[in-house]
Amino acid sequence: MQRTLVLLKPDCVQRRLMGKIISRFEEKGLKIAAMKMIRVSPELSREHYAEHVEKPFYPSLESFITSAPVVAMAIDGLEVIQVVRDILGATSGLKADAGTIRGDYSSSRQMNLVHASDSEASATRELNLYFSPDELCDYEEIGVNFLRAADE
């Protein structure tokens, strides 16, 4: 099992697509271990996007991510990091396949609705930015036997 961070970005919140996006993860059989709506501060933005702070596009990225609330989620599942990224589609909504979240709802590279961690190291770092250990809920799903075999 893996855990990853997913952020429903300001455009997702403002466009009232949160429920549709969350349902995609639930319908896939992924488990939401934590979820909260927050405002990303400039400081949190700089920590989260540390590798981009010196890049020319960073000021517009910070302006965007701090412009409205985001919904932060910790999501659990088998190979969840890649599974979530596949559900999202390519970073640019213009290049994302139909049937993916970005392919269905986005036509922008920056306003692409959702952020997801791209590796186990990123997931660990990013989850620690958004959630304290006591906010993460480990629980047994009663229907898990109908989602995957016991030996998976």
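The values are calculated or read from the model by the stated rules, or taken from the named source; none is laboratory data. Just so we're clear, the structure is a prediction, and the values are computed from it rather than from any experiment. Glycine gets a Cβ as well: all are built from the backbone with ideal geometry, and neighbour counts include every protein chain shown.
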Take residues that are touching a Gly at 6+ places or on another chain (Cβ under 8 Å), of a type in the set (D, E, K, R) and modelled with pLDDT of 95 or more and tell me which of the strands (runs of 3 or more DSSP E) falling wholly in region 1-117 contain 3 or more. none
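When the residues of region 110-152 are narrowed to those that are among the aromatic types (Phe, Trp, Tyr) and exposed (fewer than 12 other Cβ atoms within 10 Å of the Cβ), which ends up nearest to the chain's Cα centre (by Cα)? Steps first, please.
To start, the set of residues in region 110-152 that are among the aromatic types (Phe, Trp, Tyr) comprises 130-131, 139, 146.
Still in the list and also exposed (fewer than 12 other Cβ atoms within 10 Å of the Cβ): 139, 146.
Details: Tyr139: 20, Phe146: 25 Å.
My answer is Tyr139.
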Determine which single condition Ala50 fails, assuming it passes every other condition in (1) among the aliphatic types (A, V, I, L, M); (2) surrounded by fewer than 20 Cβ atoms within 10 Å (Cβ to Cβ); (3) under 21 Å from Asp86 (Cα atoms). (3)
Which pairs turn up if I take residues in region 120-141 that are acidic (Asp, Glu) and look for partners that are loosely packed, with under 15 Cβ neighbours inside 10 Å with beta carbon separation below 9 Å, at least 6 apart in sequence or on another chain? Glu135/Lys36; Glu141/Leu147
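Across region 27-46, what is the total count of residues that are farther than 22 Å from Gln2 by Cβ and exposed (fewer than 15 other Cβ atoms within 10 Å of the Cβ)? Lay out the reasoning, then the answer.
Taking region 27-46 first, the residues farther than 22 Å from Gln2 by Cβ are 37-46.
Subset that is exposed (fewer than 15 other Cβ atoms within 10 Å of the Cβ): 37-39, 41-43, 46.
Number of matching residues: 7.
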